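Dropping a structure here in structure tokens format, bear with me for questions.
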Amino acid sequence: MEALLTSFSLVAIAEIGDKTQLLSFVLAARLRAPLPIIAGIFVATIFNHALAGSVGVWLAQLISPQWLPWITGSVFIAFGLWTLKPDTLDDEPKLHPAGAFVTTVIAFFIAEMGDKTQLATIALGAQFHGALLAVVVGTTLGMLLANIPAVIIGDRLATRLPLKQIRWFAAALFIVTGVITILNSSAMAG
């Protein structure tokens, strides 16, 4: 349950104002097909985060158990600092002839590659390597919680959210998670 709740909370908050949320706004405005867009976000996120979480589990097997909490804690702290930098969308998504669902799956999957929520999912997979399913479900639900309103409400929501304050809160949450991970490691060792 800890893996699910931690994964959900971190991604739901970190995703607000993130590149993929900006992509959700753009897709909603251009395609005007909320259900296929939401389904595409779900499919792309499940695949992307299952891959990322699996990489995290694999890395956890390669790293000494005494160093793993220090590494994942440090990574969470780095993500907290990264979160303070506002994201931008590099390019407009290319519309696929197969429609809104396929366009969203492709655009979202590619946008998540190397994104902080994908890298956070790798770190969460490493931290909770015995609970990969809970991590993937948590990060996917967090992604959906942040992006479904963006698809449904669109630009009206973007102008009303206090993105700077949310970014600071998300950064603090990542940093606190990192510090707690490191402190728990020290407490268990001592």
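Throughout, read-outs are computed from the coordinates displayed, never taken from laboratory work. This is a predicted model, so every value here is computed, not measured. Positions of Cβ are backbone-derived with ideal geometry, glycine not excepted, and every protein chain shown enters the neighbour counts.
Go ahead and estimate [θ] at 222 nm for the chain from helices alone: -39,500 (n - 2.57) per DSSP H run with n ≥ 4, summed, over the residue count, rounded to 500.
-26000 deg cm²/dmol
A further question follows. With each pseudo-label sitting 7 Å past Cα toward Cβ, what's the residue 102-residue 47 distance in nm, one decimal?
Between residue 102 and residue 47, the label points sit 1.2 nm apart.
Sticking with this structure for a sec: Calculated from the structure, mean projected area of the Cα convex hull in nm² equals which of [x] 11.1; [y] 10.1; [z] 12.1?
[y]
With a/c under 1.5 counting as rounded, go ahead and sort the range 1-87 into rounded, prolate or oblate using the C-alpha gyration tensor (a ≥ b ≥ c being the square roots of the eigenvalues; past the cut-off, prolate if a/b is larger than b/c, else oblate). List each step's numbers first, then the result.
Working: a/c = 2.78, a/b = 1.81, b/c = 1.54.
Since a/c reaches 1.5 and a/b is larger than b/c, the shape of the range 1-87 is classed as prolate.
Let me ask something else. With +1 on the Cβ of every Lys and Arg and -1 on the Cβ of every Asp and Glu, and nothing else charged, how large is the dipole of the range 2-189 about its Cα centre, in debye rounded to the nearest 20? Working shown, then result.
Working: 10 positive and 10 negative charges, 66 e Å.
The dipole magnitude comes to about 320 debye.
For each of 63, 16, count neighbouring Cβ atoms within 10 Å of the residue's Cβ, then give the residues from fewest to most. Don't skip to the answer; put the middle values down first.
Numbers: 63 15, 16 22.
By the 10 Å Cβ count, ascending: 63, 16.
Neighbour counts of other C-beta atoms within 10 Å: give me 82, 67 arranged from fewest to most.
Working: 82 15, 67 10.
Listed from fewest to most nearby Cβ atoms, that is 67, 82.
Follow-up. Among 140, 13, 48, flag the residue with its Cα farthest along the positive direction of the charge dipole of the chain, charges on Cβ as +1 for Lys/Arg and -1 for Asp/Glu.
Result: 13, furthest along the dipole toward the positive end.
Next question, about the same structure. Over all Cα pairs of the range 37-149, how is the pair count split among 10 Å bins, expressed in % and running from 0 up to the last occupied bin?
In order of increasing distance, the bins hold 15, 41, 32, 11, 2, 0 percent.
Once fully extended, how much extra length lies between residue 70 and residue 30, figured as 0.36 nm per residue of separation less the alpha-carbon to alpha-carbon distance?
Values: separation 40, 0.36 × 40 = 14.40 nm, distance 4.36 nm.
Once the chain is fully extended between residue 70 and residue 30, it gains 10.0 nm.
Further question on the same structure: Please report 62, 4 as a ranked list, fewest other C-beta atoms within 10 angstrom at the top and most at the bottom. Let's see the in-between values first.
Working: 62 8, 4 19.
Ordered by Cβ neighbours within 10 Å, fewest first: 62, 4.
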